[in-house]
Amino acid sequence: MHKRRIGTFLGGFLIATTVFALGLTVANKYLLQKDNQSAMEQASVTKRPVITVDPNAGELITPTPSPTDPGVVIQGWTAVKVPAGALEANVSFYNPEENAGWYDLTFELILKETEEVVFTTGLIPPGKYCNKVTLSRSFEAGVYEAILHVQPYYMNEEQSPTNDLNMDIRLIVE
Amino acid sequence: MKTTRKMLTLLMLLCLALGCVSANADTELTATNGTTTAESKVVLDLGEQPTTYTIVIPSQINIDTTTGKGSAKLTLKSGFVLTDITSLQVKLKSGVTNYNNHTGSDYNYLDLRNMANSSTVRCYVGHKEGEDDCSPTDTLISVTNQMANDKDYSKTLYFTVSSLPPYGVYTGTLTFSVVTA
């Protein structure tokens, strides 16, 4: 009878131990799963790509303003002499040095009375002279009232014309 | 004695010839018995000093895109010399391309053109900011040969675009003229 009791007790103890062990295993598994989950969450936070400071970040640098157009410097003349009966004439129309890097000039002589173009030069760079012109025709000796049209052009690819100047001039043929 | 006369005559002829060759040479010959001296005053005439002057014109008209206003300065530089003329005036050339003088409505403008689409904006020209009172016949700078030439003479023109377009590049040119008398 006593042995039977002991057997029952041992059986109950074994069952209880097994149930307890099973419970521990389930609880452990649950806790482990939870830990993994939080570890994964934490890992997902720490694995976010790191954004570094742009090497070009810094204080505001104001861009250098492009240079302002200087005015066009134009030398004035009141007379130009050409030989009578000739088709070429020596002249000395000058593009001042001050226009360097900015403006080329062209010169055109137009008779006031008839608006006839007597000559037109090509581009004269700054610091250079136009030393000779070819006349549209020969002229008899005399003094002719004329206009010298000075047209500046920007020294860039577009060669766009700027404001221009007409000056009174006398064409002296002698 | 005869020899001396001959020498003097030859010398005089020589001096006369030299006097003729060198332009405007005044020759004074003094001869005394036994000695001969000659004085020659040479006048070098280079002619009249030519008229010289230098003008600085604005290359373009810059309009502030916010206010629609701008200005441009033109200058007659110091050191001008007027010899064969008595006066020199700088004006806006009348009849210049894109420049109109509405004498009836008493305002002046030039049309700035957009090269991309040919549209225009009207730009008024004035002697003062915000005005449109500058006429092509107005004298902007005036000097005479009696005036001091040790300083620059300048004039500022004012431009106003009353209705600014939303975007685009508009350009136009002015022609200035130098009128002499």
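Below, the figures for the structure above:
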{"item": "Conditions (1) among the aromatic types (Phe, Trp, Tyr); (2) surrounded by 15 or more Cβ atoms within 10 Å (Cβ to Cβ); (3) more than 32 Å from the chain's Cα centre (by Cα); number of the one not met by A:Tyr154", "result": "(3)"}
{"item": "Hits in the stretch A:123-142 - residues which are assigned to a loop (DSSP other than H, G, I, E, B) and closer than 16 Å to A:Thr162 by Cα", "result": "A:Leu123, A:Pro125, A:Pro126"}
{"item": "Hits in the stretch B:125-139 (condition: modelled with pLDDT of 85 or more and either touching a Phe, Trp or Tyr at 6+ places or on another chain (Cβ under 9 Å) or more than 20 Å from B:Leu76 (Cα to Cα) (or both))", "result": "B:Val125, B:Gly126, B:His127, B:Lys128, B:Glu129"}
{"item": "Residue match in the stretch A:106-122 (condition: among the aromatic types (Phe, Trp, Tyr), outside any loop (DSSP other than H, G, I, E, B), at negative phi and surrounded by 13 or more Cβ atoms within 10 Å (Cβ to Cβ))", "result": "yes"}
{"item": "Residues of the stretch A:95-135 classified as free of Cβ contacts under 8 Å to residues at least 24 places away in the same chain and within 11 Å of another protein chain (Cβ to nearest Cβ), total", "result": "0"}
{"item": "Candidate set: the stretch A:136-174, residues that are acidic (Asp, Glu) and under 18 Å from A:Gly122 (Cα atoms); chosen: the one farthest from the other protein chains (Cβ to nearest Cβ)", "result": "A:Glu157"}
{"item": "Residue that is nearest to A:Asn131 (Cα to Cα), among those in the stretch A:93-104 that are within 27 Å of the chain's Cα centre (by Cα) and assigned to a strand (DSSP E or B)", "result": "A:Asp104"}
{"item": "Hits in the stretch B:66-78 (condition: more than 18 Å from B:Thr139 (Cβ to Cβ) and modelled with pLDDT under 95)", "result": "B:Thr66, B:Thr67, B:Gly68, B:Lys69, B:Gly70, B:Ser71"}
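The values are calculated or read from the model by the stated rules, or taken from the named source; none is laboratory data. These numbers come from a predicted model, not from an experiment. Counting neighbours? That spans all protein chains shown, and the Cβs are built from the backbone with ideal geometry, glycine included.
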